[in-house]
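Since the structure comes first, as structure tokens, the remarks are kept for the end.
Every number here is computed from the coordinates shown, using simple stated rules; none is lab data. These numbers were taken from a predicted model, which means no experiment stands behind them. FYI the Cβ positions are ideal-geometry reconstructions off the backbone, even for glycines, and counts take in every protein chain you see.
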Amino acid sequence: MIKCLIWDLDDTLWEGTLSEDRRVTLRPGIIEVLRSLDERGVLLSIASRNDHEDAMEKLKELGLAHYFIYPQIGWAPKAEGIRRIVSRLNIGMDAAAFIDDNPFEREEARACLPGLAVYEAGVYGQLPDFPEFQAPAITGEAGRRRELMLIRAEREDAERQFPGMREEFLRSCSMELMVRPARQQDLARVYELAARTNQWNNGLERVSQDVVRNYMEMGDKRLYVAELKDRFGDHGIVAVAMLDLLEEGLAEIRLFCISCRIEGRGIGNAFLGTVLELLQLDHPELREVRCGYKSESRNRPALMLLKLLGFTLQERKDDFSVYGLPLPVSYLTPDWIHVHSPRKATEPVEERNGDEVERRVISLVAKLWGRPEVGPETVLLGGRGILDSVTAVQLIAELENEFRVVFDEDDLLLESLSTVGNVVRFIEAKLN
């Protein structure tokens, strides 16, 4: 499924070359194509060799500028611009596409960006009919996706400009998270979220609408959703969890998925922690909850979230693992998130917080955290940790690149990653 289509401009979006003649004209039917993709939730952007100010002025003149998010217009290679767009949107390269009239530009993008879908400009009118551009469901969130991404961009800009610590910025966001059982009107959004989410999706399972409906209606199943609001706007439903009540005090999380739009704020911990608390309130006889995990590099944040919540490996076969958590269990919600639920509406509890390998690890952590106050005792994960599941995965990627080591699934343990000192000892063991 394509989540973002990136357009060239000259002889692709419009006919003509802007730098040679400002009297360029839109290609026939292009407005209808843009509108159709935008309404079904496909994000649009630009990678073009042009003067940025001239191109944006022309897009505004044509009434199209508002369609494009994070446009990359300049004289750098288009592949670099595409990579920046994908990074800003926090999607995989296999969820992005590029359309261009120039065969050299298309081939360079293919060669430099494995997974990227690339189209010749002449097919632009057919794009809305291609299967990869079909929305799993037309929802309110799909129609607002561009708006929601702009809200996210506004929050990111505000965070960059915020003069204080990151925790202080998060508190200033006034996040309100409502965790509740799903309703019939949520069906399409639940289905869409399960179909679109990769990073925070434990099983990478694409469930049907009939399956979703069963989890709403059957007595031995539970379906929870989370709605998020903050001072930047209403984000709608951003998280889903589907659970089965099994025999002998056992429950199983079949699927959880959390929108990548709200990564890095602790929402995943707050959502799944609240779901487990609600489950225990309704079923105090439960003694254990299990969750399957399909191992792929793109959904490592889902695994880190399970481990942050205390789940431990029970069994593994090929690329599928089962993690378990003994019950009862309780969680402390980060003090910047106000959680509400049908059985709970309380204010969250605040969580208080040498050698060459050590120096390099400290440097990586400080860069990722954005603060210099890092030492061997700095807590990375857990209740007082400075990282969440997304930034933990980013750190792992940085460590793998810096030290040329590989973190296997078995290596992703809280013991080895809980503090800077433990990471240093883990890296040293890997290098030896």
Subject >> Paramagnetic label zone (point 7 Å from Cα along Cα-to-C-beta, LEU431; backbone N under 16 Å) in the range 365-389 >> reply: 365, 376
**OP:** Give me the distance between the Cα centres of the range 367-432 and the range 41-73, rounded to whole Å.
**Re:** 39 Å
Original post:
When you take every Cα atom in the range 4-133, what is the radius of gyration, and what is Dmax, the widest Cα pair distance, in Å?
Top reply: 13.4, 37
Subject >> For the range 195-312, convex hull of alpha carbons as volume per residue, Å³ >> reply: 113 Å³
**OP:** Could you work out the relative contact order of the range 71-132, using alpha carbon pairs under 8 angstrom and six or more residues apart, expressed as a whole percent?
**Re:** 29 percent
**OP:** Taking every pair of alpha-carbon atoms in the chain, give the share separated by more than 43 Å as a whole percent.
**Re:** 16 percent
Original post:
Can you give the Rg to Rh ratio of the range 270-412, both from alpha-carbon atoms, with Rh computed by the Kirkwood formula?
Top reply: 1.01
Original post:
What order do you get for CYS112, CYS291, CYS260 when you list them from fewest to most C-beta neighbours inside 10 Å?
Top reply: CYS112, CYS260, CYS291
**OP:** Give the Rg (one decimal place) followed by the Dmax (whole number) of the range 140-340, computed from C-alpha coordinates and expressed in Å.
**Re:** 16.7, 53
Subject >> P(r), alpha carbons of the range 103-204 - 5 Å bins starting at zero, rounded % >> reply: 2, 9, 10, 14, 17, 16, 14, 10, 7, 3, 0
Subject >> Cα-Cα pairs of the range 86-156 separated by more than 15 Å (percent) >> reply: 66 percent
Original post:
What's the center-to-center distance, using Cα atoms, between the range 255-270 and the range 155-208 in Å?
Top reply: 5 Å
Original post:
What is the log10 of I(q)/I(0) for the range 356-431, computed with the Debye formula using one identical point scatterer on each Cα and no solvent, at q = 0.15, 0.17, 0.18 Å⁻¹?
Top reply: -0.42, -0.54, -0.62
Original post:
Over the range 140-340, what relative contact order in percent results from Cα pairs under 8 Å that are six or more residues apart?
Top reply: 24 percent
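How high is the relative contact order of the range 356-431, given as a whole-number percent (alpha carbon pairs under 8 Å, six or more residues apart)?
Relative contact order for the range 356-431 comes out at 39 percent.
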Original post:
Over the range 92-131, what lengths in whole Å, largest first, do the semi-axes of the equivalent ellipsoid take, defined as the square roots of 5 times the eigenvalues of the alpha-carbon gyration tensor?
Top reply: 17, 14, 5
Subject >> Along principal axes, Cα extents of the range 177-260, largest first, whole Å >> reply: 44, 23, 22
**OP:** Report, ordered by chain and residue number, the lysines lying within cross-link reach of LYS221, taken as a straight Cα distance under 29 Å and ignoring same-chain residues fewer than 8 apart.
**Re:** LYS229, LYS294, LYS307, LYS317, LYS344
